[in-house]
Structure formats: C-alpha cells, structure tokens
1. Just the residues that are polar (S, T, N, Q) and not in a loop (DSSP other than H, G, I, E, B), please, taken from segment A:587-625.
2. So, restricting to strands (runs of 3 or more DSSP E) that lie completely within segment A:1-87, which ones have at least 2 residues that are over 30 Å from A:TYR207 (Cβ atoms) and in contact (Cβ under 8 Å) with a residue 24 or more places away in the chain?
3. Could you grab me the full set of residues in segment B:1-25 that are hydrophobic (A, V, I, L, M, F, W, C) and at the interface with chain A (Cβ under 9 Å from one of its Cβ atoms)?
4. Restricting to segment A:849-871, what's the tally of residues that are away from chain B (no Cβ under 14 Å), of a type in the set (Gly, Ala, Ser) and either out of contact with any Leu (no Cβ under 8 Å at 6 or more places or on another chain) or under 14 Å from A:ASP688 (Cα atoms) (or both)?
5. Among the candidates B:PRO47, B:PRO28, B:PRO34, which residue alone is facing chain A (nearest Cβ under 9 Å) and exposed (fewer than 14 other Cβ atoms within 10 Å of the Cβ)?
6. Of all strands (runs of 3 or more DSSP E) completely enclosed by segment A:233-297, which ones contain at least 2 residues that are of a type in the set (S, T, N, Q)?
7. Of these, A:VAL890, A:VAL918, A:VAL856, which one is buried (at least 16 other Cβ atoms within 10 Å of the Cβ) and either in contact with a Pro (Cβ under 7 Å, 6 or more places away or on another chain) or closer than 30 Å to A:MET823 by Cβ (or both)?
8. State all residues of segment B:15-25 that are over 18 Å from A:ARG681 (Cβ atoms) and either among the aromatic types (Phe, Trp, Tyr) or loosely packed, with under 15 Cβ neighbours inside 10 Å (or both); if no residue qualifies, say none.
Amino acid sequence: MRVKDKGLINRAVPLRFTFDGRHYEGFQGDTLASALLANDVRLVGRSFKYHRPRGILTAGSEEPNALMTITDRAEPNVRATVQELYQGLSAKSQNNWPSLARDALSVNDLMAPFLSAGFYYKTFMWPRAFWERVYEPLIRRAAGLGALDKTHNPDLYEKAYAFCDVLIIGAGPAGLMAALTAGRAGARVILADEDSLMGGRLNSETYQIGDHTGQDWAAAAVSELTAMDNVRLMPRTTVTGAYDQGTYGALERVAHHIAKPADDLPLECFWRIVAKRAILCAGSLERPIAFPMNDRPGIMTASAVRSYLNRYGVAPGKSIAIYGNNDNAHQTAHDLAAAGVKVAAVIDSRADAQVQGDFPVYTGAEVINTTGRLGLEEILVRHNGENLMVNADCLAMSGGWNPTVHLTCHMNGRPVWRDGILAFVPADDAIPGLSVAGAARGIFSTRGCLQDGAKTAVQVLDDLGVKAQADVPEAEETPYQISPLWAVPGKGRAWLDFQNDVTVKDVKQAAAENFRSVEHMKRYTTQGMATDQGKNSNVGALAVLADVTGRAIPETGTTTFRPPFSPVSIAAMGAGGQGKGFAPERFTTSHLPSIQRAAPMIEAGLWYRPSYFPMPGEQTWRESCDREVNMVRTKVGICDVSTLGKIDIQGPDAAEFLDFVYTNTFSTLKVGRVRYGLMLREDGYVMDDGTTARLGDHHYVMTTTTAAAGQVMRHLEFVHQCLKPKLNVRFISVTEQWAQFAVAGPRARDVLNALLDDPIDNDSFPFMACGQVKVAGTPGRLFRISFSGEHAYEVAVPARYGESLFRLLCAQAEAMGGGPYGMEALNVLRIEKGFVTHSEIHGRTTAFDIGAERMVSAKKDCIGKTMAARPGLIDDDREQLVGLKPAGAVKQLIAGGHLFAPGAEAVRVNSQGYVTSVGYSPTLDCYLGLGFLKNGRARHGERVKMVDHLKGVETLCEVCDPVFFDPEGGRLRG
Amino acid sequence: MRITCPICGERDRREFYYQGAAVALDRPAPDAGPQAWDDYVHLRDNPAGRTRDLWFHEMGCGAWIVVERDTVIHEVYSTELAEKAAR
C-alpha cells in the first residue's frame, strides 16, 4: 500500500511489470520488492526445504526469501530487494509447483518432524547404488532455488581495473563523510556502494542532519562529490572481497536496471580496485528474532519496514506490529504513526523499556505464536503471564544490529564480541591498509557515524601524507540500548536461517548429537550456507548453540566469512574469458589465401595452420595429403612456417651464451651458416630443438617449435639474468615480425630464382647457408634448411609482405607443377625422414633416447649436461627412438599404440614402448611410425606387436632405423 | 596480490610468471657431485613463512625478479632484479 507524500520514488514515472504473469504498477525508484509490497503482494516465494510460504524479509542485499527469476533474461535467484524496477520487467517465483499459492511440495512442511537436521545424512544411506541415480535427483527436485536456463548466456560481461588513494566501501553517513573529507583534501577517492542511491540508512530514516533531513543531506553530499574530479562514485557496486596488497574485488551491476540496454552495454562489470588505503563503512544489518512461527509473509525486519515507508513510500501492511529488544525498534512505530499507518502494538522484550506513543505497548512481553496460512493474520503475545491476540498483517522485528564485518574476515581476521551492543565488531588491523568506520564497527548513532567517518578519513590521509580537515554537521545521538533476545521458547518452529529452513530445534539437535563446534553445526544443519551466507542467521544460531552447550558466545566462536560478500556471477568474474576470449586466434599472413584455397584449418597452440589444400576431385584428406607429399618429393611445395618461434639474439657474448643453452656448439658456426641445435632442461631431458642461424659475429636468429616459443623465450631470459648475468647479450621475440615460408622440392631453387633479385646457385648458397636477400625488391632472409629431406629453403620477409610473397611463391610453384602443402603433408615428409617433433621430445625423453647423445658436446658445460649424464638416463634398456613398418597382414599403425614382444600378452607390464607419430607414406607406399622401444637401437630388424586397445587394432611391425627415406641425405644437398 | 617490479613498479601478479624457489640462482659447478645437483634441481623447502622465489615479468619488461615474501600472511618484503641477486 502506497503512503502519500513519502519516499524518494518518482511518482511522475509509473512503471508496469509482471510477477507470476499478473500485471502490476510501480514507480521509478522502486525495487521489485517495494513495488510488490505497494501492490499488497506479500507471498513471494517458497522455502528451500519445507516449501513454506515466504514473504520479503529485508530491504537489502541480505534478502533470503524474495529470490526470483527475471524471465526477461532467464536469470534465476535475483533478490527482489536489489532488483530495480524498470518498464516491462517480468519476474516469476521459484521452487513451487503448480503455483506459488498451491505448491504440491508444501506436504514437506507436514513432514517437518521427520525432516530435521541431519535427515539426509541418516535417511539416504542405503543402498549405495541409489546415491547418484535415485536420491540425488529426488533431493535436487524437491529442494531448490531457481532453475538454470541451459541455453547459451547471450549477455555481455566486462572486467576492469581501477586505482585510487582511498577506497571507501559504503556510502552511508560514515562513508559519505569520509568521502567528503578525503575528496575535499584532494585525494583520489573511489566511493563504492551496492545501492543505486547513495546515502545508506539516511535514505531509510527520518533523521535530521544540521538543518536538513538525512535524505537531503545525503543528496547534497553526493552532488558535491560528483562535482569533484578526484572522486569517482560507483553506485550499484558491491565490494565483494578484500585481497592482498590493497586489492579489492567489486561487482558493478551495470544494466540490470535498464529495460532495453544498448547492445554493447555489459550486464555486469567485475572490478579489481587497487587502493593505497581503504575505509570500510559498510554499516550494519538488523537481526531477526527466532520466535515460534516467525517465517510468515508479512514478518520482516523493523529496519526494512522503515526503508519501505521512508524511502519507497510503501506501508508493508495495514496494521503493523513491532517486536524488539532495543530502542532502535521504537523508531519504526514513530515513523509509521507519523505517516498515518496503524501501529497495532509495540512489543518490547525488556520490562524497563520506555516507549511513548499513541498505540498499545507491551513491555516485558514476547511473541509466542503467529497465524495466517499464506500471510500473517494474528500474533499471540505473552504479557504479564497472559496470552493476548494482536491483529496485524505485518510484524516488524528487531533483534539488534550486526556490524557488517564480512570484508574484515577475508584474510583470516576473527571478529571480536562486544557485550555492550551484543554483536561482533571487526578485529583491529584485520586487513592491512583497511580501516573501519561507523556502524561497521559498532557506532550506531548518526552523529557517531559522521564523526567517525571524518576522523578515520583524516587519519588515513595523514598516513598518505595528505592534510585533511574534519567538518562534521550536527546530528542525532540516540543511545543504543539492547538486552539479549535470541530465541523465544514456545510451541512451534522458530526459524534462524529462513532460506535453508534451519530452526532453533535443528541447532539444538546438532549440539545434542555432538556437533558442538560452530563449524560442525553449520555443516550438519546447513545454517548459513544459503545465498545470504548467514547474514541474517549466523549470530542468532551461534547464540542458540552457545546457550545449549553452556558456553558464552565469544568462546563458542564465530563462523568464517569468505569472499564474495554477496553472490557474484561466474560470468562476471570470467568476463572476457568466453569463446575466443578464452582462446584467441592467431593467424598467419597466408591465412586469407589459404582459406581462399578452401584449406581446412588445424590449431597449433593458438595458431591456425592449413591441414591440406584440396584440389577438385579429391574426396578425402588422404588424397590431398598424398598428392602434396608426392608434389614436394618430385616438384616443389610451399608451406607457411611463420608460426615457429623466432628469437633474435644479439650481443658480443651471444655465441658464448648459445654454447651454454644448446648442447652443441654455436661459437664455431660461421657467419652465413645455420646449425640444428638441441636444448635441454636442467634435469637432463630435452626441452626443444630447432635451427639457429648466424647472421653476424654478434647476431643470431633462433627458431623454436611453434608451441614452445614462449617457454624457450622465458628460459633464455632465465639463463641469462639468473645464471649468466655478466654475459652481454639480449633477446627479442620476432615471431610475428617475419613471415617465413618453406620452399621444398627438387625445383625449390627454380621457384626462388624467379623471385630473387640476385639468383643463387649451389656454390653461393649450399646446404645450411643463410643470408640477406632481396625478394622481388624487398629485403628478406634466406635459409637453406629442410624439414622434408628435400632440397629446400626457408625465405623470410617482413610480415607485411607475407601474404603477397605467399601468393607469388604459390604461383611460381604451380607453374612448375607444384603448389602449397599443409600440416598433414609436412608431418608425413618429416616422418619419412625420421625428424622429431614435440610428439617425440614430449618432456620425458633425453638426447640419448632420440639418438642425439653425440650432440652433447664434451668440450663445454651446458644446461642439463650434468643431469643428463646420470646412469639412469643413458641406460641401454631405456626406450629409444625407432622406426616402425607394418610387417604382417594388418597394415595400420596408430599413434599411442603400445609395443609388445610378438608372443607376449598385451598388458601394461609387458609394454616395451609406444608409438608417437604415424603417417601414410605415399613415397614408400605403407604406413610409417616413429616410436620408442626398449633398447630399440640394437633391435633393428626385429618384429614387435603394436596394440591399440581403444581401437582394437593389433599390427605386427618391423623395427627399423627412424630415417626411412634417403638416409644418406643426398637430396638435401642436391 | 601485487608485486613491485624494480623496473616497472607495482603491478598485478597476473603480469608475472611464477617459477619457484630462488635456489635456482645458485647453479652448482658441473663437478659438484650428485648430491649438490639433486638438491639444486629437485629438492625444495615448503616454508610456512618467509620465502624467496623467482617471478618473471612476462607481460611486462621481461625481468626475472627475486621476491621475498611470506607464504602465510602474503606480505611482500622486497623485490630485486635476479641479475643483481645472482652476481
């Protein structure tokens, strides 16, 4: 029900919305919760376990009951108290069937005596086979929150970083005052508040500050701060976690409140805010009271009733009763009476409470029962030994206030109990660099909060070397008096944790079953494990546990609050990490011409490389691959090899450095020559291989395997900076600066000479030569190296010329009966020659294993040399690189298959090795394999059995030298 | 977590690659014997408290950095270029 002339809503802008299919109207400035209450909708959800009818309990992010699905974007578990109303919003209730008012599973409520704490653990024990197939689906169906929409999430999410001198968390009286003090002093300030409207409780109360209402003062403070260039206001932003070195996580709800957000507007943004200092002004949260049947729709916290009245102009009932144990609750009655709303009664548990007002007052009284099936109708009050009925459709309860200590616990800080306010306050210095001010540290008066905010800001700024002055207006200073009231005895259940349906009885039962530690009690009862993370229930449950175990509250303990303060969607935390954000695409300069030739792409790390280049009439990849292999062996082929890592190495000590990272020697390499190098890890295993060219006395270019480029770069920097810092040498990755193409085959030189300004011959450019060339007028580099075993070159030009050079090379090659070839053919060509890749140097093989032990120079030290000489790494019985050819009726070889003696049973203990690479060789007309076999080099000519259990293939193989084709290398030099 | 790169200043830890204990700086001589090499390559302490380890400013300037920090309270006490620490 709306109340005239109250609230900060804009009555000139009505907004239509639907809830469970019914149409309602609210105003700009409403939350979904306030708009529902304005339309007298009290029943908004069903509880998790008993399917009890539930209403709105709070007016903030701690709401446990009013969780809804916003059907506009199929987003479940949205708290109606946080969701701002917009035109056309559509919401539906959760966890009920067939409808909210007639929920079939409300029979669970009748079963409540059997569904107490530990019920699941005790009941769904046998048979074990039922755990996953029967019990879990059953429980998941019955108990639940909103359902996930399993379609792709189309919303945009963003992440961002921000930096400041002072981060102020919470924009209530303390936060605004701290921000004003710091902002006026010129510090870089970020003020973050989870609400859309800054001001905190000032917007929900009727306090005066100076000559203004609290609401007006807050609005003026926000205007002043908005005008300051050094202050950034972040409304709708919840600081969710405190992390090391002044880093804070924060979730900004960017577009949840907009009816039709622009296409490029993210729904949420996850911020990482780095602050030199921070001030926590998060305020406090009001506690419910655990009295019998305290969960009916219409029963809410007293502060929520004041919020709905003063901020939203809504009376949550026609006849409202108030029940509390502290003076603060009385304000509710005064505000309601002043607004003309009927106050049914004020019930105060304290016999000596002083309450003035034109309404019934019961002191020293307690609420012992309530009635009303789908919403509160009557309250049974025990007063002076007598029971009396109070008619009310809303009950405002206040069990006192808990300072919002959560962030101070995120780095293991344990809050401290303070008897005077019956609540935990933050421990000192719980988070390095974080100070706490105002209600968050138990200062509950407006005057106290304003002064504490200013004082804390002055101290913090003083630490930062900034002089600031406190200029604090006058405000009310009502003493806060409270006496303990945790659980009211009586018939019927008294809820502590509304969302997870944990009652006083459950906590008592946990204690009786010896779950006396608060952490055990929590897990046994599930108290505090709902989406509100115990914000409403932790202290109450702790008090009940303390009582039944005969301990004081501080010695019973406190539960640990962990990040996030309130739920954060995974999509926001992982913003930018979906799809291509997770795996960006790297394209070579020949990507477009390759796509134009209909080449299917294969991923190599993040790179995309062509698998093969299909020609008309080719039905399978094998036909294309076989053709391309033949083409390279008989004519000429072009292949983009730009993805290999290229590291430019320069400096007077470059040669000495390379001698130390490579097993073989590079200081003896002549300028204008290339050498194959092998690199070990310090533990003696092979790290990577590749060719390195010497372009000058002090200038080398190293190539690495595509996938190992980053690792090798890091390794070179490590070896230089950490082990050989005195060597004068520098490295830079030039992988993306040079486009490089292999030109391979008998006609390779003819193709190149058609494009080079100065033609080459075998004398000017012999095998393993390198040098500067001009390619069609463009300066480039030429390397006579071969990964195919053919007469071959790699030609490199600056990347911007890559595409046109690829097109030119292909055109020249095609004129000679050749053309481009892809990864499949490249792989077959290198297997035919027994060249290793990371299939073979996979991190568990040594130079000895791949037959390259002679490449480890005896004349010098190098990385990995000492450890590679360990007896176990040069044992003849190690698995050594061999070639494999089918030798029986079955002709297929499969990479990953294991090798066995022909007569042995194909079980793990009999495995003598495995196959690493396989390809069909059109040159030799059979499958060829590379693999590792125990003592393999001494077993050439023997037969072994390859078995692939997954594919059910068993092939008899002949063991042979890994170099299948042209072992003398005559074609290379031709 | 924030790490101060001696060259670039204070940076988010996401810019750094973590290597492990700064033991890696003290490479034994080739003839130091199996025990020294085993210690160097394989054996690491796992302290609850102060530790010195190596980080690589991979997304920044490419400096290897020795970071002295506390594994329990996460305080970073000092950072130093590895090439200085190695000398």
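The values are calculated or read from the model by the stated rules, or taken from the named source; none is laboratory data. Values in this document were obtained by computation on a predicted structure and should not be read as measured data. Here the Cβ is made from the backbone with ideal geometry for all residues, glycine too, and neighbour counts use every protein chain on show.
1. Passing the criteria: A:SER594, A:GLN596, A:SER624.
2. It comes to A:10-19, A:67-70, A:75-79.
3. Result: B:MET1, B:ILE3, B:ALA22, B:ALA24, B:LEU25.
4. Total meeting the criteria: 1.
5. On inspection, the qualifying residue turns out to be B:PRO34.
6. Ranges flagged: A:237-243.
7. A:VAL918
8. Result: B:PHE16, single match.
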